[in-house]
1. With only Lys, Arg, Asp and Glu charged, each at its Cβ (+1 for the first two, -1 for the last two), find how big the charge dipole of the range 33-167 is about the Cα centre; round to the nearest 20 debye.
2. To the nearest Å, what is the center-to-center distance of the range 60-101 and the range 145-174, using C-alpha atoms only?
3. For the range 93-98, just list the computed ³J(HN,Hα) in residue order, Karplus coefficients 6.51, -1.76 and 1.60, θ = phi - 60°, integers in Hz, with x standing in for Gly and Pro.
4. Once phi is turned into ³J(HN,Hα) by the Karplus curve 6.51 cos²θ - 1.76 cosθ + 1.60 with θ = phi - 60°, what whole-Hz value does each residue of the range 155-164 show in order, with x for glycine and proline?
5. Once phi is turned into ³J(HN,Hα) by the Karplus curve 6.51 cos²θ - 1.76 cosθ + 1.60 with θ = phi - 60°, what whole-Hz value does each residue of the range 76-86 show in order, with x for glycine and proline?
6. Over the Cα atoms of the range 115-171, what radius of gyration and what Dmax do you get, in Å?
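Nothing in this text is a laboratory measurement; each read-out follows from the coordinates by a stated rule. Remember, it's a predicted structure, so these values are computed and weren't measured experimentally. Neighbour counts run over all protein chains shown; Cβ positions are idealised from the backbone, glycine included.
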Amino acid sequence: MASCTRWWSANTTSRGKGGAFVRLKLKNLKTGGVTDDRLRSGESVDIVRMESRTMQYLYRDGNYFVFMDNETYEQVMVDEGMIGDQARFLKENENASLIYSSDDGQLVSVDLPTFVVLQVTATTTAVRGDTATDVTKPATLETGAEISVPSFIDEGDLLKIDTRTGAYIERARV
């Protein structure tokens, strides 16, 4: 139980025989995994308090990302493994939420914004007549990330990207 640190939902269930129990969906903040669990009446749970701080991404230094606290201007270096694959959508001067354990002050996870707006820096031109089906082509974004986009996207377009999946959502409105 100690590794699961955020509650998503809980349902109390009672059967005809036996005592009531609570069904839980728990999210592990370190790995991002979601698990289902059950607690019987009388079982105890360790409560882990978390603190979220909004910080601004400044720059990358090797395998580390440097963030600055928006209130204290303190700089924090975060290992690339803590952010994971979402790091490819991280743009300088963007805000992110860094989650700390209140007990020991250790960094637990980094939550990037769900959607970001990035500019297309390189893409191929669409082939004429390829519009009968959903044709996609590769595009390179300003952060260096490569994603699949519809054929009508051109260089210089601003795109709304879902950082959780890396999927193209829509053209951003200027």
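1. Approximately 400 debye in magnitude.
2. Here the two parts' Cα centres lie 23 Å apart.
3. Coupling constants for the range 93-98: 6, 7, 8, 9, 9, 9 Hz.
4. 4, x, 5, 9, 10, 8, 10, 7, 6, 6
5. Running phi through 6.51 cos²θ - 1.76 cosθ + 1.60 with θ = phi - 60° gives 10, 9, 10, 5, 4, x, 5, 8, x, 5, 5 Hz.
6. Here Rg and the maximum Cα pair distance are 10.9, 33 Å.
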